[in-house]
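Each remark here refers to the structure printed beneath this line.
The values are calculated or read from the model by the stated rules, or taken from the named source; none is laboratory data. Model, not experiment: these values are computed from the prediction. We place every Cβ from the backbone using ideal geometry, glycine too, and count neighbours over all the protein chains shown. The area values use the complete protein model at the heavy-atom level, side chains included, leaving out ligands, DNA and RNA. Shrake-Rupley method; radii C 1.70, N 1.55, O 1.52, S 1.80 Å.
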Amino acid sequence: MLNILLKKIIRTGAGRFRYVLAMIGLTVALLLILTAIQLQSNYWQLLKGNGAKDSIANFLVINKVVTNQNAGNTNLTEEDIEDLKKQPFIQAVGVVTPSRFKVAASGGSAMPFYTDMFFESVPDQFLDISGGDWKWDDQTQYIPIVIPNQFLDMYNFGFAKSQNLPQLSHELVKSIPIRIDIQTPSGQKSFYAKVAGFSDRISSILVPQAFMAWANKNFATEPPKGASRVIIRTDDPSNPKLIEYLDSHHMTTDMEKTRFSKYRQIVGFVVQVSGFTGLAMFLFALLIFSLFIELTIASCREEIRLLVTLGASPRQLRRFLMKTFYPANIVIAFVVLVILSILQWLLSGFLAHQSMVISPFISWFTIAGAVIVLVILWWVHVRTIKKQIAGT
Amino acid sequence: MEITLENIIPIPLKENLEKRPSQVWHNKVRFGPDKKVKIKAPSGTGKTTLVHFLYGLRADYTGALHWDVSALNKLDSDKIARYRQSEISVIFQDLRLFAHLTARENIELNRVLQEKAPYYPDTVIQEMAVTLGVDHILDQACGICSYGEQQRIAIIRALVQPFSLLIMDEPFSHLDQENAQKAARLIELECNKRGAGFVLTDLDEDTFFNYNTYLNL
């Protein structure tokens, strides 16, 4: 009853239109701010996630630039590798271990081919292959190998087309046993291998590190060669410091990987623009809210004075004004979160087709962002109302 | 509650009042639930100023004014509100009603302003309005009521809240003798019901109440 009477006495009609505009402004501001947070969080999820499909995680293979002067001597020294590990923009360094024996592969009767080849290995955490197939011990029947996706593409779309050979799917290639002949000091030894996966990161033929260590120990026909390539994991391949570092140390990397940095820059740009625009609009909305509260209280100054004269406590009035002005903000925050949830759900569905996995739900950071905005709004409301009531 | 005045002199009237004798200004006076005080105050002696001092609307005085044991100008606004809700009630000379609210809403406001449960149920508004003959205008905006009607609304408004001290500033100035008698009987009844005292200021002598203290301002 008291609130009904107070509503009649403290009329909020003055400047209603401006208030509605401020509300719309707040909605847009909140939408922009929270979108920025959500985009950033989606981006982190894609970047930091360790899922098998983390397609834009940033792995780079690094080697020395081959020039006429250093041809034949492009190994990275221990110091080079230690120095790489120390750089803040590099999270992990894995040495690419080359085989020190001669290898030949043939397809047997199912797929007649014969080729000389080589193996390399990298630590498992640098591979985008996971699962039970990727392990080896001396009891394992087949050596799992990983070939570059490009190999299969070259065969399917170049070689097979031109030679009238059948195209091969991933599954088919994985099912074919390949005979591996290794030249050992004590003669040729045969093994069977199966393709366990395809890598986009490393243009090499990879075997598990365990097999490589075992085979190098037992079959090596050459002395240890040192590492000619390393693989690094970095959270930001577009970092100018990284490029600068590589240049100054005469190293080079797969520049194709920087393709992703374009997307990243776009994401970063969108996040920044929407974040700053949202923040600016939010500040204006705050200003208008506090002005609107001041206006309302000023236009009812006489009425408020009489209320206080009759015995209304400033606390009662503050509580009433908070109840009048604040709930709209909660509604707005809720509506914005619902809109973002729908957008996020649609986006995750869309990206799933692009083999990018993001959560279908908005992140906790976004919700926390909304809560923080509400807390700021609450504080501004309380402060303005308190100041204005005290001033009557 | 008790109100005590010690050597109170309103600063704007200091020059005038220091010369003339007064039983209130620059004196020690106490008002409380046991007191039925009539203050006779010719024009220009600061009658309304005194009422505003007692009720805590103004503080431009020298001397000390206490509500119970606290100096009034040291009380914070929430404490003052608590006193006004449950200990001290007032009928202003200038009535001070919300013109755009109805008579009933004006009264109701003071009834439900308590942070505790209301002292009276809302049916009391109708009963008192009947007693004072203003029940027919209860749902009319106060701004269009006559002064006599507004004064009776202001009286009822002061009586629907709990109090132990009632302050009245020329409460019957717009009423005829008969209506003034009715209002005085209602006020006396309500004061007795609460064991409350009152302070009435007026220009002349009157016989509306059995005063136990007479003061000349």
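Is it true that B:Val24 is within 20 Å of B:Pro162 (Cα to Cα), more than 14 Å from chain A (Cβ to nearest Cβ), open to solvent by less than 30 Å² (accessible area, probe 1.4 Å) and of a type outside the set (Lys, Arg)?
Taking the combined requirement at face value, the residue does not satisfy it.
So that you can scan it fast, the table gives a plain yes or no per residue for (1) hydrophobic (A, V, I, L, M, F, W, C); (2) assigned to a strand (DSSP E or B); (3) open to solvent by 30 Å² or more (accessible area, probe 1.4 Å); (4) closer than 25 Å to B:Ser43 by Cα:
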| position | (1), (2), (3), (4) |
| --- | --- |
| B:Arg104 | no, no, yes, no |
| B:Glu108 | no, no, no, no |
| B:Met128 | yes, no, no, no |
| B:Ile156 | yes, no, no, no |
| B:Met168 | yes, yes, no, yes |
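Specify the residue that is surrounded by the most Cβ atoms within 10 Å (Cβ to Cβ); the eligible residues are those in segment B:130-149 that are within 14 Å of another protein chain (Cβ to nearest Cβ) and not in a loop (DSSP other than H, G, I, E, B). Working first, answer last.
Narrowing segment B:130-149 to residues within 14 Å of another protein chain (Cβ to nearest Cβ): B:139, B:141-143.
If we keep only those that are not in a loop (DSSP other than H, G, I, E, B) as well, we get B:141-143.
Numbers: B:Ala141: 16, B:Cys142: 22, B:Gly143: 12.
Looking at the filtered set, the residue picked out is B:Cys142.
Hand me the list of helices (runs of 4 or more DSSP H) wholly inside segment A:278-368 holding 1 or more residues that are among the small types (Gly, Ala, Ser).
A:327-353
In segment B:80-97, what residues are facing chain A (nearest Cβ under 9 Å), crowded, with 20+ Cβ neighbours inside 10 Å and touching a residue at least 60 places away in the same chain (Cβ under 8 Å)?
The initial filter retains those residues of segment B:80-97 that are facing chain A (nearest Cβ under 9 Å), namely B:80-86, B:88-90, B:92, B:96-97.
Those left that are additionally crowded, with 20+ Cβ neighbours inside 10 Å: B:80-81, B:83-85, B:88-90, B:92, B:97.
Within segment B:80-97, B:Tyr83, B:Gln85, B:Ile88, B:Ser89, B:Val90, B:Phe92, B:Leu97 meet the criteria.
If I filter segment B:53-79 down to residues being open to solvent by 20 Å² or more (accessible area, probe 1.4 Å), more than 8 Å from chain A (Cβ to nearest Cβ) and in a helix (DSSP H, G or I), which single residue comes out as nearest to B:Leu217 (Cα to Cα)?
Only one residue tops the list, namely B:Asn73.
Answer yes or no: is there a residue in segment A:107-121 that is closer than 21 Å to A:Leu206 by Cβ, in contact with a helix residue (DSSP H, G or I) (Cβ under 8 Å, 6 or more places away or on another chain) and either at pLDDT below 85 or of a type in the set (S, T, N, Q) (or both).
Yes, segment A:107-121 contains at least one residue that is closer than 21 Å to A:Leu206 by Cβ, in contact with a helix residue (DSSP H, G or I) (Cβ under 8 Å, 6 or more places away or on another chain) and either at pLDDT below 85 or of a type in the set (S, T, N, Q) (or both).
Does any residue of segment B:180-201 turn out to be open to solvent by 60 Å² or more (accessible area, probe 1.4 Å) and hydrophobic (A, V, I, L, M, F, W, C)?
Among the residues of segment B:180-201, at least one is open to solvent by 60 Å² or more (accessible area, probe 1.4 Å) and hydrophobic (A, V, I, L, M, F, W, C), which makes the answer yes.
Report yes if A:Ala196 is within 17 Å of A:Phe59 (Cβ to Cβ) and either open to solvent by less than 10 Å² (accessible area, probe 1.4 Å) or small (Gly, Ala, Ser) (or both), otherwise no. First the steps, then the outcome.
Details: within 17 Å of A:Phe59 (Cβ to Cβ): no; either open to solvent by less than 10 Å² (accessible area, probe 1.4 Å) or small (Gly, Ala, Ser) (or both): yes.
Answer is no for this residue.
For segment A:173-191, which residues satisfy the criterion of being surrounded by 13 or more Cβ atoms within 10 Å (Cβ to Cβ) and within 38 Å of the chain's Cα centre (by Cα)?
Once the filter is applied, which keeps residues that are surrounded by 13 or more Cβ atoms within 10 Å (Cβ to Cβ) and within 38 Å of the chain's Cα centre (by Cα), segment A:173-191 yields A:Val173, A:Lys174, A:Ile176, A:Pro177, A:Ile178.
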